[in-house]
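First comes the structure, then the notes that go with it.
Only the coordinates and a few stated rules stand behind these numbers; no lab work does. What you see is a predicted model, and the numbers here were worked out from it, not measured in a lab. Cβ placement follows ideal geometry from the backbone for every residue including glycine, while neighbour counts extend to all protein chains displayed.
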Amino acid sequence: MKPSLRTLARSLALTGLMGLGALGPAHAQSLLELVEQARGFDAPWQSARAQYDATVSRGEQARAGLLPSVAAQAGVTYGRTEYRVKTPTPLAQNFDLHAPTQQAALVASQPLYRPANRITFEQGKRGVEIAQAQLDAADQDLLIRVSQAYFDVLAAQDALNVVQAQKKAIAEQFAAARSNFELGNATITDSREAQARHDLADAQEIAASNELQVKKLALDQIVGRQGITPRPLAQPVQLPVVEPMDINQWVDTAENTQPAVRQAQIALDVARLETRKAETGHLPTVDLQASYGIQRNPNGMVSQPFVHSRATSASVGVALNVPIFAGFAVQNRVKETLSLEDKAQADLDNARRTVAQGARTAFLGVQSGMSQVKALEAAVVSSQSALDANLLGYQVGVRVNIDILNAQSQLYQTQRQLAKARYDVLMGELRLRQTAGILGDEDIAKVDGLLAR
């Protein structure tokens, strides 16, 4: 049975290393497909989209300050007047007047010079730009969350595959140790050591299976559907190279295009406009005003009782309002906006420094991850060679059962670390592009190109 141990170890090691590559079903979903489904279900993204739509409508509201306003007015009043006139003669003049008054008017106004309204309109447009940056940030965050959940499922599946492969190898080693003990070629210690490792593998398999279920539920929650099966990485795995390789270019891109920086920059522009609007408190305003009205008195008026009358009036004019003194409200408002302008500038500086540091950290993390993958790939080869050597030594009697078990454990642990490191590199590149503010669907499509078909 000893030669079969070596053959089985090689085949199981290959199975564990390939992970999902040999197990991916034909109906598995791509990453980009799940991203599109998540956009129709994910609550944070839907909230950001609704906020953007609301901000666009709010921006259009500010346009009203530049356009004419027209209002129709109508009303009916009812009055009663009693006349009792005393005269020297016995004849007195007494009568009651029940007279309704009907009024209707059309009033229009067009701002001619209101600088504050113009600035408010500009702020409304800047508000839409801030909402767009917020929506871009939410969209990139969705791409990261879906991708992370996607690769978490793949990593959990790989871990389960490796544990199961290790369990099979331990079971074979346990059978060999028991057979050798029965033949008198080994002690009971070998069997018990193999049994202990097999029991440990059982516990690890249960934990890995539970972890896989948890990761699948997390992906289901983001996408809004059940039974998702991610596509595994195509074999052999070819990780993309980060482009550009200059860290300073990533920092420059982040400082100019990252949504958080864009929001801070636009917020500074809005603060400056607010200062300009506060300064207009000293300026006059000019409006063009026009009105047309009709008044009817069916039963007459006091001056002409019981005589039906109808009057129309029309007017057109320009109204000028010149502020003279407002209790220093304008001056203090200007001071307030200047301080808020300084705050917005400080927030912008902080946003740029934060994303610059984030870009450097993400870039170095990807570089370190690539080096780690190469080291783990070499470690897998070395661990396989060590296992083969121990198997050979076991066959000739210079190695014991525990040496085989330790070598197997090292090989499968290295395989798990390698699989996770590859996913970490892919996520690191996506996070680097998110930090730079340039993550989009085309980047997800490139990752899809690395998955099995």
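Could you tell me which residue out of ALA264, ILE294, HIS308 lies farthest along the dipole of the range 234-364 toward its positive end? Charges go on the beta carbon: Lys and Arg +1, Asp and Glu -1, centred on the Cα centre.
The one lying farthest along the dipole's positive direction is HIS308.
Using amide H atoms built in the peptide plane, which far-off residues or other-chain residues are under 5 Å from GLN29 H to H?
Hits under the 5 Å cutoff: THR229, ARG231.
In terms of Cα to Cα distance under 16 Å, which lysines are near enough to LYS335, apart from those fewer than 8 places away along the same chain?
LYS277, LYS343
Could you tell me which of ALA254, LEU411, VAL380 has its Cα farthest along the dipole of the chain towards the positive end, charges placed at Cβ (Lys, Arg +1; Asp, Glu -1), taken about the Cα centre?
The one lying farthest along the dipole's positive direction is ALA254.
For Kirkwood radius over Cα pairs in Å, several values are listed as [x] 25.2; [y] 29.6; [z] 23.1; flag the one computed from this structure.
Only one listed value fits the structure, namely [y].
For GLY79, what residues show an amide H to amide H distance below 5 Å, using hydrogens built from the backbone and excluding near sequence neighbours?
Sorted by chain and number, the residues that satisfy this are ALA99, THR101.
Going 7 Å from the Cα of ALA207 along its beta-carbon direction, which residues of the range 162-191 have the amide nitrogen within less than 18 Å of the resulting point?
162-168, 170
Of all chymotrypsin sites (Phe, Trp or Tyr not before Pro) in the range 369-426, which ones are in loop regions per DSSP and have a Cβ with at most 14 other Cβ atoms within 10 Å? Intermediate values should be presented prior to the final figure.
Numbers: sites: TYR394, TYR412, TYR423; in loops: none.
Of the chymotrypsin sites (Phe, Trp or Tyr not before Pro), not one in the loops of the range 369-426 has a Cβ with at most 14 other Cβ atoms within 10 Å.
By counting other Cβ atoms within 10 Å of each Cβ, how are ASP190, ASP441, ASP287 ranked from fewest to most? All intermediate terms of the calculation are to be shown ahead of the outcome.
Values: ASP190 23, ASP441 12, ASP287 17.
Placing the least packed residue first, the sequence is ASP441, ASP287, ASP190.
Under a plain spin-label model, where a point goes 7 Å from the Cα along Cα-to-Cβ, how far apart in nm are GLU60 and LEU217?
Calculated label separation equals 4.4 nm.
Return the long-range amide H neighbours of SER309 (sequence gap of 5 or more, or a different chain), with a cut-off of under 5 Å between placed amide H atoms.
Excluding prolines and chain starts, which carry no amide H, the hits are ASN297, GLY300.
Let's see if you can work this out: charge +1 on each Lys and Arg Cβ, -1 on each Asp and Glu Cβ, no other charges. What is the dipole magnitude of the chain about its Cα centre, in debye to the nearest 20?
1120 debye
Explain nothing, just compute: Karplus ³J(HN,Hα) = 6.51 cos²θ - 1.76 cosθ + 1.60, θ = phi - 60°, for every residue of the range 336-353 in order, whole Hz, x for Gly and Pro.
For the range 336-353, the Karplus-derived couplings read 4, 5, 5, 5, 5, 5, 5, 5, 4, 5, 5, 5, 5, 4, 5, 5, 5, 5 Hz, x marking Gly and Pro.
May I ask you to evaluate 6.51 cos²θ - 1.76 cosθ + 1.60, the Karplus curve with θ = phi - 60°, for each residue of the range 399-415 and list the ³J(HN,Hα) values in order in whole Hz, giving x for glycine and proline?
10, 10, 4, 4, 5, 5, 4, 5, 5, 4, 4, 5, 5, 5, 5, 5, 4
What FRET efficiency comes out for the pair ARG453/VAL241, r = Cβ-Cβ distance, R0 = 22 Å, nearest 0.05?
Using R0 = 22 Å, I get an efficiency of 0.50.
VAL396 versus GLU377, label points 7 Å from Cα toward the beta carbon: distance in nm?
3.2 nm
Applying the Karplus parametrisation 6.51 cos²θ - 1.76 cosθ + 1.60 with θ = phi - 60° to the phi angles of the range 232-249, what ³J(HN,Hα) value in whole Hz is obtained for each residue in order, glycine and proline being reported as x?
With coefficients 6.51, -1.76 and 1.60, one gets x, 5, 5, 9, x, 6, 10, 7, x, 8, 5, 10, x, 8, 8, 5, 5, 5 Hz.
With label points built 7 Å along Cα→Cβ from the Cα atoms of GLU336 and GLN103, find their separation and express it in nm.
That separation, rounded to one decimal, is 3.6 nm.
Using 1/(1 + (r/R0)^6) with R0 = 35 angstrom and r between the beta carbons of ALA326 and ASP53, what's the FRET efficiency to the nearest 0.05?
0.40
For helix 188-223, report the angle its Cα long axis makes with the longest principal axis of the Cα atoms of the chain; keep it between 0 and 90° and round to the nearest 10°.
The helix 188-223 is inclined about 20 degrees to the chain.
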